[in-house]
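Here the structure is laid out as structure tokens; the discussion comes afterwards.
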Amino acid sequence: MVFRGDSLKWVIVTLTILRRVMSFNSVSANCHLSVISDSKLYNYSLESPMPLYPHGVQSEDGFYKVVGNKTVLWFQLCDGMIFNHDPPGCVDCWDCGGPSRCGMGCSALVATNIGGYDVCTTIGRASSMDINIIDKKNPNIGVIVRMSSSGLKLNCSLSVSVICDPNGVQGPHSLEKTGTCDYATVLKHPSGCAKIVHVQGKGWGWFVTFLIIILCLFGVYLLAGTVYRYFSLGVRGIDIIPNLNFWTNLPHQTQSLSASVLHKFRGSSQGHRSSYSPVNF
């Protein structure tokens, strides 16, 4: 098969678009979290649009930026970074877009001054994003988004605590280095607030579970007895059911026992009332 120049160009463009769409869908799946706590279902959807934030937790600039201790960090949540202005000006950016598109091939990039040069290090990719709640005892606080990147020399990571703040966006203002190539920052955003759904009940409970176990044991007993009587004793027909006489008489025995208990209860009640003597005034 031979492609002309225009045809080959359109094939490349189509494959590029499909790759971007598939990459976005895979990232979006990682930006959802559902947690059940105290009969409540907490749903977090970081990329869902909101009235004042149509892109959810994603920065409308295409990236977040925070500076601390002579280190500059750029990152984006739930997608890769896009730079329409103020792109990173650091060297060694080959694994995050290259010199001409530095920062647009990953989700988190850090620049550290080494020998007078700002050297780039990729510390997070969209495909590695993982979400967990910050405090299991208090899910209302928010979630923590963690992303990572594995290099030839270092394994790096970034943890972003998305604190629930229904009043608006604040930060990130601080940058903390938690390891050799591990960083953490804090972002306050309405997307960190969960949608809470009340869950009815806390499960079946021990009594229902006990009844299910009894029914399962009865089924095993009935099946094992039937197989034994069929193959070992050669019993056929309805008599194949083990202890058939007991099961057929069980309703009558239950009725008789109930009547006996009821009769005793009525008898003791009448005897108790007859122990009182009438009083004449």
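Points worth noting:
- Number of positions in the stretch 144-165 that are in contact with a helix residue (DSSP H, G or I) (Cβ under 6 Å, 6 or more places away or on another chain) and of a type in the set (A, V, I, L, M, F, W, C): 4
- Residue in the stretch 68-91 that is surrounded by fewer than 16 Cβ atoms within 10 Å (Cβ to Cβ), farther than 21 Å from Cys181 by Cβ and among the aliphatic types (A, V, I, L, M) present: yes
- Asp165 being farther than 22 Å from Glu47 by Cβ and either touching a residue at least 40 places away in the same chain (Cβ under 8 Å) or charged (D, E, K, R) (or both): no
- Candidates are the residues of the stretch 132-154 that are at negative phi and touching a Cys at 6+ places or on another chain (Cβ under 7 Å); the one that is surrounded by the most Cβ atoms within 10 Å (Cβ to Cβ) is Ser149.
- Qualifying residue in the stretch 51-64 (condition: in contact (Cβ under 8 Å) with a residue 24 or more places away in the chain, more than 21 Å from the chain's Cα centre (by Cα), surrounded by fewer than 23 Cβ atoms within 10 Å (Cβ to Cβ) and assigned to a strand (DSSP E or B)): yes
- Residue count for the stretch 228-244 satisfying the condition of being closer than 17 Å to Phe218 by Cβ and over 53 Å from the mean Cα position of the chain (by Cα): 0.
- Options Pro166, Pro190, Pro278, Pro172: the member that is at negative phi, at pLDDT below 90 and either touching a Phe, Trp or Tyr at 6+ places or on another chain (Cβ under 6 Å) or of a type outside the set (Gly, Ala, Ser) (or both): Pro278
- Inspection of the stretch 111-131 finds a residue satisfying the criterion of being in contact with a helix residue (DSSP H, G or I) (Cβ under 8 Å, 6 or more places away or on another chain), part of a loop (DSSP other than H, G, I, E, B) and either in the same structural domain as Thr185 (by TED's automatic domain parsing) or free of Cβ contacts under 8 Å to residues at least 40 places away in the same chain (or both).
- Single residue of the stretch 66-79 satisfying the filter (under 18 Å from Ser191 (Cα atoms) and in a loop (DSSP other than H, G, I, E, B)) that is nearest to the chain's Cα centre (by Cα): Cys78
- Per-region count, the stretch 144-184, residues part of a loop (DSSP other than H, G, I, E, B) and among the hydroxyl-bearing types (Ser, Thr, Tyr): 3
The values are calculated or read from the model by the stated rules, or taken from the named source; none is laboratory data. This one's a predicted model, so the numbers in the text were calculated from it and none came from an experiment. Note that we place each Cβ from the backbone using ideal geometry, even for glycine, and neighbour counts take in every protein chain shown.
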